[in-house]
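Enquirer: Following this message is one structure expressed as structure tokens.
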Amino acid sequence: MSRRIRWFVQIALAAVAGGAFRLLRRAFRRPPRIWHGFTPLHATAWMVQAERRAGFPSVSVVSGTRATSYALVRAEDFDRVFESDRWEDVHWIALTHLLLHGDIWNAYFDCLFFHPNDGRKNELALRLIRLAGIRIVVQPHGSDLVCLGKYKSRYDWPARMQLDYPGWDLAAHRTVVETRIDLFTRFAHFIVAGDILFEPVLPRWDISFNAVPADVESLQPSTRPPGEIPVVIHAPNHRHVKGTAYLLEALDRLRARGFPFVLRLIEGVPRHQALDLYAEADVIADQFIMGAFGIFALEGMSLGKPVLAYLDTEHLTRTQYIQPVVNATPENLEQVLAVMLSIPELRRRIGEASRASVVRHQSTVPIAEVWTRIYRHVWWAEPLDLETTAVFAPGRKPRAVTEDPRDAKFWPVEVADLMPQIEDALDRLS
């Protein structure tokens, strides 16, 4: 009982003191302090970097680093790392820190301060956060909303995710996901869908865009000349949901037909080492099941590499998501690879277009531009005015939805002069 009383007093004092300080900051028109917490994701560090460049006092707070067999994230990636033998203590400490040091809480859907089954406690925590003058912005990061039975998908990616994690009951997890969605839908001031994939499962969302910036300053294209034999790199951390088997089968068939290449599978490698390996790629093979591109694709494009990934119709036509990713499906993957392996000039053009597009639309500056609109809207009720940002600029053009590599419109760059070579590579398959 004494432990609970101590935490209650500490939280109450933090709410009062933090609330008073927030009123002063608002009165003097100080930029809101952005508090990111507390799921440890490497993308969070990029967001903090972008927001600081935009003039926001932004901080990342996590409850330990993720337990993986390789260093996906490191403690030095975050500003504050709270760790304790007691899970409850970590979350009490994080809540206290938020009440004292945050004006806007940028949360993921799994950032609840209590177990999802403790609905009453989570509701009270969210009410207290709002009462203390903190604005709540929430976005999904992916696995926080994954479950069976809520998504419509061409290749049923949730079921394939279940194969990747057989010990995780994604059917039962639907209750947890629905609880998270319900709580944040009721208490968040602003909801970012984060990707088209999540729009259908959210009862409401305010804007939809790829909210994570790419760190193009540290991810620079390699200056090494391309080798005679192209290198294909794939990071199969989730083999079923990424469609790794389709890639391996397609490459096996191409090898049997005499197409030269080197395949490198990057697994269980610390992230900073993996990035060095990505820089040696001629082709980045992302995923062929989900219909969207993720962090791996952004890293590849930032490095000036052509990226292959399956994109659904929405990702090809919703202009805020447009990137020069080569639309590779399980059905056309062998054809796409045959062309990419055969034509160095096509790889060069797509790689250069990829880097340029990410710099213009997905790097820290344009993404911070959108987040600035969101934060000022939430904090000072200013209009969003998204059309004046690079991400939502009206001049961005949709992609063609064709999946036929023989159609010049299929390719994300101009290929009129390369069509004879493209046809020749495809003819080799038949």
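Enquirer: Among the GluC sites (Glu not before Pro) in the range 213-302, which ones are in a DSSP loop with at most 14 other Cβ atoms within 10 Å of the Cβ? Mind listing them? Provide the component values of the computation, followed by the final result.
Expert: Working: sites: E217, E228, E249, E267, E280, E299; in loops: E217, E228, E267, E280.
Within the range 213-302, the qualifying GluC sites (Glu not before Pro) (loop, at most 14 other Cβ atoms within 10 Å) are E217, E228, E267.
Enquirer: Which of the lysines could a cross-linker bridge to K397, judged by Cα under 25 Å and excluding same-chain residues fewer than eight apart?
Expert: Excluding near neighbours in sequence, the set is K305, K409.
Enquirer: At a probe size of 1.4 Å, how large is the accessible area of K397, to the nearest 10 Å²?
Expert: Accessible surface of K397 is approximately 150 Å².
Enquirer: Can you list the lysines whose alpha carbon is less than 20 Å from that of K152, not counting same-chain residues fewer than 8 positions off?
Expert: Excluding near neighbours in sequence, the set is K242.
Enquirer: Loop-only check: which trypsin sites (Lys or Arg not before Pro) in the range 1-56 are DSSP coil with at most 10 other Cβ within 10 angstrom?
Expert: On the way: sites: R3, R4, R6, R22, R25, R26, R29, R33, R52, R53; in loops: R29, R33.
Here the sparse-neighbourhood loop sites are R29.
Enquirer: Considering only W411, L298, L126, whose Cα is most displaced toward the positive end of the charge dipole of the chain, charges sitting on Cβ of Lys, Arg (+1) and Asp, Glu (-1)?
Expert: L126
Enquirer: Once Rh is set to the Kirkwood radius over Cα pairs, what Stokes-Einstein translational diffusion coefficient, in µm²/s, holds for the range 305-430 at a temperature of 10 °C and a viscosity of 1.306 mPa s?
Expert: Working: Rh = 16.0 Å.
Taking Rh from Cα pairs, D becomes 99 µm²/s.
Enquirer: Taking a 1.4 Å probe, which of H361, H101, H238 shows the most accessible area, and what order do the others take after it? Mind dumping the intermediate values first?
Expert: Numbers: H361 25, H101 85, H238 45 Å².
Greatest to least solvent exposure: H101, H238, H361.
Enquirer: Then there is this: Let me cross-check S63: its accessible surface, 1.4 Å probe, with only protein heavy atoms counted, in Å² to the nearest 10?
Expert: For S63, the solvent-accessible surface is approximately 40 Å².
Enquirer: Also, quick follow-up: For the chain, what is the convex hull (Cα atoms) projected area averaged across all directions, in square nanometres? Show your work: numbers first, answer last.
Expert: Details: hull surface 84.0 nm².
Projected over every direction and averaged, the Cα hull of the chain covers 21.0 nm².
Enquirer: Another question, if that's okay. For the range 235-373, restrict the atom set to alpha-carbon positions and state the Rg and Dmax in Å.
Expert: 15.0, 53
Enquirer: Using only the Cα atoms, what convex hull volume per residue in Å³ does the range 115-233 have?
Expert: Details: hull volume 21.0 nm³, N = 119.
Once divided by residue count, the hull of the range 115-233 is 176 Å³.
Enquirer: What whole-number volume per residue, in cubic angstrom, does the convex hull of the C-alpha atoms of the range 1-45 give?
Expert: Once divided by residue count, the hull of the range 1-45 is 74 Å³.
Enquirer: Please find, in a Gaussian network model of the chain (springs between Cα atoms separated by less than 10 Å), the residue of I34, I266, I289 whose mean-square fluctuation is greatest.
Expert: Ranking I34, I266, I289 by mean-square fluctuation puts I266 first.
Enquirer: Within 10 Å of each candidate Cβ there may be at most 11 other Cβ atoms; applying that plus a DSSP loop requirement, which trypsin sites (Lys or Arg not before Pro) in the range 204-248 survive? Please report the intermediate quantities before stating the final value.
Expert: Numbers: sites: R204, R239, K242; in loops: R204.
Of the trypsin sites (Lys or Arg not before Pro), the ones in loops of the range 204-248 whose Cβ has at most 11 other Cβ atoms within 10 Å are R204.
Enquirer: Taking only protein heavy atoms into account and a 1.4 Å probe, give the accessible area per residue of the chain in Å².
Expert: Heavy-atom SASA per residue in the chain reads 43 Å².
Enquirer: Can you show me the helix-derived [θ] at 222 nm for the chain, built from DSSP H runs with n ≥ 4 at -39,500 (n - 2.57) apiece and divided by the number of residues, rounded to the nearest 500.
Expert: The helix contribution divided over the chain gives -13000 deg cm²/dmol.
The values are calculated or read from the model by the stated rules, or taken from the named source; none is laboratory data. The structure presented is a predicted model; accordingly, all values stated were derived computationally and were not measured. All Cβ positions, glycine included, derive from the backbone under ideal geometry; neighbour counts span all protein chains shown. We work out accessible area using only protein heavy atoms, side chains counted, and drop any ligands, DNA or RNA first. Shrake-Rupley method; radii C 1.70, N 1.55, O 1.52, S 1.80 Å.
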